[in-house]
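Take a look at the structure set out below.
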Ligand code: NAX
């Protein structure tokens with residue numbers, strides 16, 4: 001039978017952690033034949049919650065779950081990790097400036113990157129969920145010089161999935177029939193959800209939107225005034241309606257990201273924030289969301305897409321924000 005895969009989850013005592021653990025233990029990332037070992041990392045205040053989750057994991061009697069360990073030491077938690085989901089982060093609190101937020105998170109993601117560099121498995125793959133996710137991934141990667149940069153990613157799959165949900169509802173289609181939607185840029189309100197290459201059963205989504213909404217102008221208006229802001233600000237909408245931030249949908253997206261990375265994408269592309277190689281004018285080294293396919297265990301940026309002037313403008317705005325964040329963490333000595 002297959003060798004167990006070691007998966008490290010930080011912030012495991014938090015909300016997203018609680019939603020992640022049980023799905024991972026049931027085989028949602030690696031499939032029904034691969035045993036898993038879970039390493040849960042928390043800070044002292046979160047340890048009891050993580051220990052409680054570990055007790056419940058035992059009670060759930062998942063046949064694939066071989067071991068659960070709870071740590072408050074990053075070096076131990078990342079030792080031997082094949083997959084790492086970096087969920088724990090320092091949230092923005094009242095009165096906190098962006099510099100304070102970046103510095104606080106640099107104090108988390110720098111040492112975690114170093115611990116991954118020191119002790120993770122040779123095939124380690126990392127997704128950062130904790131915000132500001134793209135820049136936290138940049139910080140972690142810069143502290144892991146021996147790990148190929150392509151192994152560090154940030155989650156924009158939730159934004160991607162949100163876009164699928166909005167399109168399916170508007171077009172009366174199923175999410176499963178949608179192909180080639182893209183989230184570009186930062187996981188923030190500046191992100192650019194792009195449907196210009198998207199299709200449903202081979203038909204162009206922009207054409208389908210025109211047909212449904214009464215012409216190309218109406219479709220464009222819907223995209224600019226409704227779809228893009230709704231996807232980009234969906235997190236705030238969830239907080240307003242639910243009274244708490246996105247949890248199960250975020251965990252589900254993190255699982256989709258890891259499953260596709262390990263098992264490959266089958267039907268067109270998806271979206272993930274990866275270290276830029278300069279594609280589409282995104283400065284090399286920034287962790288930015290792109291259209292990506294997963295081939296032989298690696299994310300590959302889909303090349304050669306035509307971009308409208310509107311798309312180029314939107315991408316440049318979000319990438320500009322990422323460059324500002326990079327400059328700020330560089331000035332703080334965090335990278
Ligand atoms: P919670 O506050 O419920 O849980 C976070 C947990 O992380 C806490 O238990 C805390 O003790 C722990 N933690 C803090 N610092 C740590 C460290 N240095 N090492 C290990 N654990 C640490 O937040 P939750 O709702 O689970 O959200 C977690 C993160 O996901 C937040 O940063 C949030 O902003 C981010 N999100 C990212 C999304 C994305 O699409 N990229 C969407 C959902 C979510 O907003």
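Here is how the numbers come out for the structure above:
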read-out: Qualifying residue in region 90-112 (condition: away from the ligand (no atom under 16 Å from the Cβ) and within 28 Å of residue 147 (Cα to Cα)); value: yes
read-out: Among (1) in the same structural domain as residue 34 (by TED's automatic domain parsing); (2) closer than 21 Å to residue 234 by Cα; (3) surrounded by 15 or more Cβ atoms within 10 Å (Cβ to Cβ) - the single one residue 164 does not satisfy; value: (1)
read-out: Residue check, residue 42 out of contact with any strand residue (DSSP E or B) (no Cβ under 9 Å at 6 or more places or on another chain) and either within 22 Å of residue 252 (Cβ to Cβ) or buried (at least 23 other Cβ atoms within 10 Å of the Cβ) (or both); value: no
read-out: Residue satisfying all of: in region 63-85; crowded, with 17+ Cβ neighbours inside 10 Å and in a loop (DSSP other than H, G, I, E, B); farthest from the ligand (Cβ to nearest atom) among these; value: 64
read-out: Residue among 174, 93, 170 that is more than 19 Å from the chain's Cα centre (by Cα), within 27 Å of residue 224 (Cβ to Cβ) and free of Cβ contacts under 8 Å to residues at least 24 places away in the same chain; value: 174
read-out: Residues located in region 253-309, provided they are free of Cβ contacts under 8 Å to residues at least 12 places away in the same chain and assigned to a strand (DSSP E or B); value: 300
read-out: Single residue of 231, 126 found to be within 28 Å of residue 112 (Cβ to Cβ) and either outside the structural domain of residue 314 (by TED's automatic domain parsing) or touching a residue at least 60 places away in the same chain (Cβ under 8 Å) (or both); value: 126
read-out: Residue in region 117-143 that is farthest from residue 100 (Cα to Cα), counting only those that are within 16 Å of the ligand (Cβ to nearest atom) and part of a loop (DSSP other than H, G, I, E, B); value: 120
read-out: Test result for residue 188, buried (at least 17 other Cβ atoms within 10 Å of the Cβ) and assigned to a helix (DSSP H, G or I); value: no
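The values are calculated or read from the model by the stated rules, or taken from the named source; none is laboratory data. Everything numeric here is computed off the predicted structure, so don't read it as measured data. Here Cβ is always computed from backbone atoms with ideal geometry, including for glycine, and neighbour counts include all displayed protein chains.
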